[in-house]
1. Please state which one of F112, F96 is surrounded by 13 or more Cβ atoms within 10 Å (Cβ to Cβ) and either of a type in the set (S, T, Y) or within 23 Å of F64 (Cα to Cα) (or both).
2. State all residues of the range 12-26 that are in a loop (DSSP other than H, G, I, E, B) and modelled with pLDDT of 85 or more; if no residue qualifies, say none.
3. What residue, of K129, K145, K137, K113, is under 30 Å from K73 (Cβ atoms), at pLDDT 90 or above and of a type in the set (D, E, K, R)?
4. Kindly check whether there is at least one residue in the range 61-69 that is within 12 Å of the chain's Cα centre (by Cα), more than 30 Å from F168 (Cα to Cα), free of Cβ contacts under 8 Å to residues at least 12 places away in the same chain and surrounded by 15 or more Cβ atoms within 10 Å (Cβ to Cβ).
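The values are calculated or read from the model by the stated rules, or taken from the named source; none is laboratory data. Fair warning: this is a prediction, and the values are worked out from it, not measured in the lab. Don't worry about glycine lacking a Cβ; one is built from the backbone with ideal geometry, like all the others, and counts go over all protein chains shown.
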Amino acid sequence: MIANLQIFKFSNLQIIKSSNLQIFKSSNLQIFKSSNLQIFKSSNLQIFKSSNLQIFKSSNLQIFKSSNLQIFKSSNLQIFKSSNLQIFKSSNLQIFKSSNLQIFKSSNLQIFKSSNLQIFKSSNLQIFKSSNLQIFKSSNLQIFKSSNLQIFKSSNLQIFKSSNLQIFKSSNL
């Protein structure tokens, strides 16, 4: 027999107490408490709490929280957050964010952004942008632009332009 155990029963509530555990039970709620853990259970929600972790669970949402990480999960969305990174995921989009980089991904487009570079990629086009250079690439055309030079390239034509010079090259010219 447990030395310091107390049990209380009422029509719709049971309370069980010992030195390091408390249990409260009713028809739709259960609560378990100890020195370092708390559990709350009902028909559609579960909550788990300890000193460094919190978990919230329902039929369509899960939340995990600790001192340096938060995770939110539902049927169509997942969110991961820490001090220096955020990740958002759904069925057709992924977003990654940190202090110096952002990445956006979908089925037909990818975007990469940092403080000095941006990259846009799709199935038929790529764009690279920085402070002094821009590059546009597709299946049949490439364009390079900087402050003093522009280059246009296709399968049968090349154009080079600067402030004082233009050059045109063609396969049939």
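1. F96
2. N12, S18, N20
3. K113
4. No, the conditions are met nowhere in the range 61-69.
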